[in-house]
Each structure stands twice: as structure tokens, then as C-alpha cells.
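Trainee: Questions regarding the structure given below will be posed in turn.
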Amino acid sequence: MADHMRLLGFLMHTPINHLSLSWADEEDRRLSELSSFKPWQSLARKLEEYCFDGLFFADVPAPYDFYHDRTDEAVKYGVCWPSHDPVALLGAMASVTDHLGYAVTLSVAGIPPFLAVRTLSTLDYLSQGRIGWNIVTGNGRAEHRALGTEPLEHDARYDRADEYLRICYALWDGIGEKAIIADRNNGIYADPARVEKIDFEGKYLRCRATPSVLPSAQRRPVLFQAGSSGRGQAFAAKHSDVIFGIQSTIPAMKDFQASVKAASIAEGRNKPCQVLYAIQPYLGGTEEEAKRRREELLRRIPIDAALCRLSGTLGIDFGQMDLDLPLEELPTQASRGMMAAVSKIASEKRWTIREAIVATGTLGSIPSIVGTPQQVADQLETMWRESGCRGFNITPPISPKGLIDFAEQVVPLLQNRGVFRQEYSGRTFSENLLQ
Ligand SMILES: Cc1cc2nc3c(=O)[nH]c(=O)nc-3n(C[C@H](O)[C@H](O)[C@H](O)COP(=O)(O)O)c2cc1C
């Protein structure tokens, strides 16, 4: 099969993904799923049945607090609150599947590299190489308030993350091929000469350690990164296998990929980072039905809930701003890449802040694909072919139904067209997603 589209299912271990108040819809089962492994396991099996590459878990560890400098709206409307640890789900899901990969967001702000590697690599080892790590640098102010740490400025966060990754590589590479002997007769487990001692001293971080987790089938987790500013892309080009992006149109996707490619070349890579885009599908028996459903879900969202989300993501307090002014690019220490993407679409559409919120109810720039399964498959294929991206991270408006419907109704159409795999060819997440 020629190169094919890659697909991930996007989830959060919270009441919603990108659509605020989705938990209140009668078809949504997210609230009840927070308290049990079983529904997550059954969703994982379903996505494996339809040959998805994996599931991707975003994470907002501490509730959004930029809007009016408080967390009340996040708590009141369940905007990514409560926020349970997604890492806790991975072992349960991986244990009932054989091929599906699991990418998880873990911020480098709150956990030392030694422990991050220990947790992720233990999961990667146990799942025979099916774990990915979305490296985020901790742009949420609430996260630092909760941890009692001082937030660094935007670019310094990436400098610290560079050091963080150098420690991770040393830990991942520190146990040599023939280090483990397991010689029962002589009682020798391993050869210390083949296990490196790490002694790292940087500007931000220190680590003196002997690596403590055995290398997995893919040696290290697949590395994802979602920062999309210039500095974020340089970091991604240096370290990551995949950039997870949000761009709202095909031309914007092409521009984004051109700059990722340039950053990858500047970094001396012969293969640029792969790019996956977030897509929100709304399916219906007819186009009108799908549109109606989208409108119905958006109408439910109180403006305060949407503003809380947008303020938190962009690091701007929209509570202090006139909502009838145009949504322009503003300086931020949080997500500059997201700010650029949201303000670009707002300027193209001439949206005020209020109109942007009302129009989307979400992050402003995740494209919705709305229509019958056939129409959704058509649009996705066009987006994939014309942008040249690797694939998509499907964020369902309601869950798990949105992902199950997409798998059952859209994936077979993509398979029939030869655009998507009908069986797995690789063993590890890296082999399926990247090769
Ligand atoms: C598509 C996308 C998904 C992201 N997911 C998360 C996430 O789950 N958790 C998080 O803390 N930050 C997340 N971020 C924030 C980024 O990791 C990054 O810290 C932020 O965008 C700032 O980087 P930038 O200025 O280089 O864009 C996401 C950003 C994007 C664009």
C-alpha cells in the first residue's frame, strides 16, 4: 500500500475535549466514564478494530485561571475540570490491545526528567513499544501556581526543555544492547560496564543517575510536540517525531508545514517532523442534520465557558477586554503558535472576540468537518492530499460516540479508497505511525 493517512483519536481525561458543555448532551457518556477503566478499554478495542494508529491524550493538569484571574468558570462549567491524570489510563488500555498506540501529554514543568522517563518508559516497555509522549513545557499559569514554581518566559521554557530532553536521551540510551546477561548459574544479572552513569549539570537541571528502566521495543516513546511558535517549531525539529497542530484551512496547513520543513532542514534532519492536525467531525444522515447537530451543540455553550477556555489557552484575560473589538494577535507568554492561528482566522473572517467565540465555541481554529460520512471522508481525503500532512487527530464533539461513529462510518470509506490501512503492518507505535 502506498503511503496512507494516519489517524489518532483525541481525548482528555476530563468531562470534555474541545467542545465546552459537551458533557451535558444526552448522547455523551464522558461523566460516567471518568470513574471506570472499562469504557476506555472498550473504546481502545474499537479503535484497534478499525486500525487507528493510536489515541492521543491532551492534559490541562490545573484548571484554566486566566479569565478574571480565577478558576470559577472552569469549575462551574466543567471546562477541562475535573482533570484526572491520563497516564493512569494507559496501562489499562494497552493491556487489552496489541497494536494501538497511546500518546500522552506530560508537562516537563512538574516532574523531573528521571521520573518522567521512568513512568513513560515503564509503560512503553510493558506495552511492547506502544507509547508516545506529547512534550509540553508548562504554559499554564495555574499549573505553576499549583506546583509552587515560578513560570519561565516563553523561550526560556523551551531552553529548559532542551536540557530536559538531553537527560531523557541519556537515560533512554544508557543501557547498552548486551547489558542484560541474566546468568542464573553465575548469579550475574547485568554488566555494569554496559550501563552508563549519567552526570548532567545544566543551567536549569541536574541529574546524576544510573538508568533504571529497560529499553522498550521502540527504545524510547514516540515524541510529539504541539508548540507552534518559531521557538516551538525549532524545539520540535530538534527533538520530536510528530508535531500536533491546529490550522483551520488547507492554505494555513501548507504554510505551517513549509515552516516545519524549514525548521527541520535548519536542524539538519533528512526527514522533517511529521504533522498531524486536529479535526472535529460532525456526522449526520444528511448534511442538514449534521449542521443542525453542530449548531445545537454550540448553542448550549455559555459565553463565559468559551471565554474561560480561550483565555486559558491563549494566556489572555478576555474578561478585561471589550468583546466587540476585533480578535487581534496579542503578546502572550502562553501559546504564541495558537494565538497566531486563532488571530489569523479571526482576521480573515473579520471576527470580533464575541463572534469568534460564538462562531466556534471552541478554540477558534480547529476545523469542523460537517456532513454525511461520505462528505466527511471526501473532505478529509482532500485535506490530506492537498496539505501533504501525515494525518489527523480526531477530536470528537461528543464521546465516545463521536469517535465510534467516525470509526464505523468514515474509516471503512477511507479504507475502500485505499487511503487508510486495513491491517497493521508494524509492531510498535513508531513503526505504524512513522514508517
Ligand atoms: C494542538 C495543540 C495542542 C496542545 N495541547 C496541550 C496540552 O494538552 N497540554 C498543554 O499543557 N499544552 C498544550 N498545548 C500547548 C503547547 O504545548 C505549547 O506549550 C504552547 O502552544 C506554547 O508554545 P508555542 O508558543 O510554541 O505555540 C497545545 C498546543 C497546541 C497547538
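Values quoted throughout were computed directly from the atomic coordinates according to the rules given, and no laboratory measurement underlies them. Given the structure is predicted, the values throughout are model-derived calculations rather than measurements. So basically every Cβ, Gly included, is an ideal-geometry build from the backbone, and we count neighbours across all protein chains shown.
Trainee: Where in region 326-435 are there GluC sites (Glu not before Pro) that are in a DSSP coil and have at most 14 other Cβ atoms within 10 angstrom of their Cβ?
Mentor: E328, E423
Trainee: Same structure, new question: Could you compute the FRET efficiency for S95 and A266, with r as their C-beta to C-beta distance and R0 at 41 Å, rounded to 0.05?
Mentor: Plugging the Cβ-Cβ distance into 1/(1 + (r/R0)^6) gives 0.50.
Trainee: Between A146 and R350, how high is the FRET efficiency from 1/(1 + (r/R0)^6) when r is the Cβ-Cβ distance and R₀ = 41 Å? Nearest 0.05.
Mentor: 0.60
Trainee: Additional query: Take the Cα of A190, step 7 Å along the line toward its Cβ, and report every residue of region 197-214 whose backbone nitrogen sits under 16 Å from that point.
Mentor: What the label zone holds, given the 16 Å backbone N cut-off, is 197-199, 208-214.
Trainee: Right, another one. Enumerate the helices in the chain for which the Kyte-Doolittle hydropathy averages 0.5 or more and the C-alpha atoms extend at least 15 Å along the helix's axis, using complete DSSP H runs.
Mentor: Span-like helices in the chain: 113-126, 250-266, 303-314.
Trainee: Compute the projected area of the convex hull of the Cα atoms of region 149-215, averaged over all viewing directions, and report it in nm² to one decimal place.
Mentor: 5.6
Trainee: Please compute the Kirkwood hydrodynamic radius of the chain from all pairs of different C-alpha atoms, in Å with one decimal.
Mentor: 22.3
Trainee: Also, I was wondering about something else. Please give the residues of region 139-162, grouped as numeric ranges, whose backbone N is less than 14 Å from a label point set 7 Å along the Cα-to-Cβ vector of Y204.
Mentor: 139-140, 144, 149-162
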